[in-house]
Amino acid sequence: MRRKLWLLAAPVALSLFLALSLYFGGDQFRRIPLPSFAGDRSISTTNLAQDANITRPDVGNITQAQDAGGIANSSQPLEGHVVKDGIILKAAIITSYVNAIMDSESHKLSRLECPELNSTRYSNLKASDEGSSVEYFFALDLRQCLALLPTLLGSILEAIRFLGPERCALSIVEGHSPDGTYDILAAIKRNVEELGAGYYFHPSRIDTSKGDRIQKLAELRNMALKPLLDQPDRVTNTTTVLFLNDVAICTEDILELLYQRYSIGATMTCAMDWTYAGRDPTFYDVWVARGINGDSFFEIPSDGNWDSAWNLFWNAAETHSRFSRALPFQAFSCWNGAVTFAASLLTKEGLRFRRANREKDECEQGEPQLFCKDMWFRGLGKIAVIPTVNLEYSVEKGKMIKEAKGFVSDHVTKQRQSDERFEWAVQPPARVKCMPTWDHQFWKAWNQSLARRRK
């Protein structure tokens, strides 16, 4: 009997171990594979300000936080700038990271090696007309990702240079980073602004390990968007938000997500993100992502095992066909490490990231999935996954993913633009799989909790 119980429990234990392992390996803001809503089930993290006696800037004053580079113990020049010691990192280390971020050719720190940019393919994305509007708004929530910054921020800034810095803005929310991430993000302010782009840096004290995790994640995402919402006169009908996780990303990945949003007429485009839980890559954002049939990207049975993670879109023939050819396909919801979406969703439609409405028995789900659900409710369900963009959450494994899945340029040179387009489904699936936990899955009407509100 004990042996039988062990055999039944083993898959659940393995899935739990996998999910917790992925979580411990990533930042506090990233989507965790293990759904968790109760505060006592969240993974605890160290509160630096309390436990390490570290003085952080006043987070109530964004300008002060931007200018507070750290404690002035020592300094050295960086292209004419005086770099001070940070809260955690010495000035020399900060200098090396800033140089690596600003110089895409620098190899002094580990970074993802990316192909030369196909400027012809993306030339139409360049902001051609002058003005004060923001055409591209980059938003990030980051924590404890120091080693990733040369790749992540370096690729973002290269994209900003290409698109036109004067029409770009970068907004970053940071929280509780014991590795010096804050020091680097504070130090690059002047460099980014000298490019001509706007830079909004806001350290946050929100601790997602305590209380309502999804509510706090939603608050952090909305916080990153706040500088754009505070300047509605600078938002146009074509302004695009680029919201990135802490991923190993190339400039061509960023531009391809933008390019496809315009090329196929999408309101939102998503990448594909992966993790190496074993020898082979596994699709990561399975808790949030739902196909146009309403189901998860791969099947997770009631015992919680991920044995079918290799079998993506097993019950959606058209989606599977397009995915296998690395062609864009429609989804009910996605995030997958990086997205672009129309800023008008925020400014005209009033969408915000939120938690589930428990009073109306709304499915417990992640804030990105609810964002997509609210898009469909407003008749804006042109949500597409771009499978040429494949991401991971570390430089080392990001290289492995590019070797396994290919770079964007490896795929698009073999594709015709006509093949990239498809017929959009106007109506969402009647029902969408609700997955509060791996072992508790059921189907609900896609608009459950919303239909009764709208007249």
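Bear in mind that the values in this text are calculations on the coordinates, not laboratory data. Here the structure is a predicted model, which is why all the values come from computation and not from measurement. Using ideal geometry, Cβ is built from the backbone for each residue, glycine included, and neighbour counts are taken over all protein chains shown.
The modelled label-to-label distance for the pair Ser324/Asp103, using points 7 Å beyond Cα in the direction of Cβ, is 4.7 nm.
Along the range 220-232 the Karplus relation, 6.51 cos²θ - 1.76 cosθ + 1.60 evaluated at θ = phi - 60°, assigns HN-Hα couplings of 5, 5, 5, 5, 5, 8, 4, x, 6, 5, 6, 10, x Hz to successive residues, with x for each Gly and Pro. Residue order for Tyr182, Tyr262, Tyr97, fewest other beta carbons within 10 angstrom first, comes to Tyr262, Tyr97, Tyr182. Under 13 Å of direct C-alpha separation, and excluding same-chain neighbours fewer than eight residues apart, Lys189 reaches these aspartates and glutamates: Asp67. All other residues whose Cβ lies under 13 angstrom from that of Phe329 are scored, Lys and Arg at +1 and Asp and Glu at -1, for a net of +1. Could you let me know the centre-to-centre spacing of the range 398-455 and the range 95-131, using Cα atoms, in angstrom? With the range 398-455 and the range 95-131 each reduced to a Cα centre, they are spaced 29 Å.
Based on other C-beta atoms within 10 Å, arrange His81, His107 from fewest to most.
Neighbour counts put them in this order, fewest first: His107, His81.
Residues whose amide H comes within less than 5 Å of that of Tyr284, counting only those at least five positions distant or on another chain, are Asp273, Trp274, Thr275 (H built at 1.01 Å from N in the peptide plane).
Ranking Trp314, Trp376 by Cβ neighbours within 10 Å, fewest first, what do you get?
The most exposed by this proxy come first: Trp314, Trp376.
Once you sort the root eigenvalues of the Cα gyration tensor of the range 364-429 as a ≥ b ≥ c, which label holds: rounded (a/c under 1.5), prolate (a/b larger than b/c) or oblate (the other case)? The shape class here is oblate. Distance between the 7 Å Cα→Cβ label points at Ser128 and Arg161: 2.4 nm. Near Pro301, once Lys and Arg are set to +1 and Asp and Glu to -1 for all other residues with Cβ below 12 Å from its Cβ, the sum equals -4.
Pop the C-beta distance of Asn357 and Gln417 into the FRET formula with R0 = 51 Å and round what comes out to the nearest 0.05. Working from the Cβ atoms, E equals 0.80.
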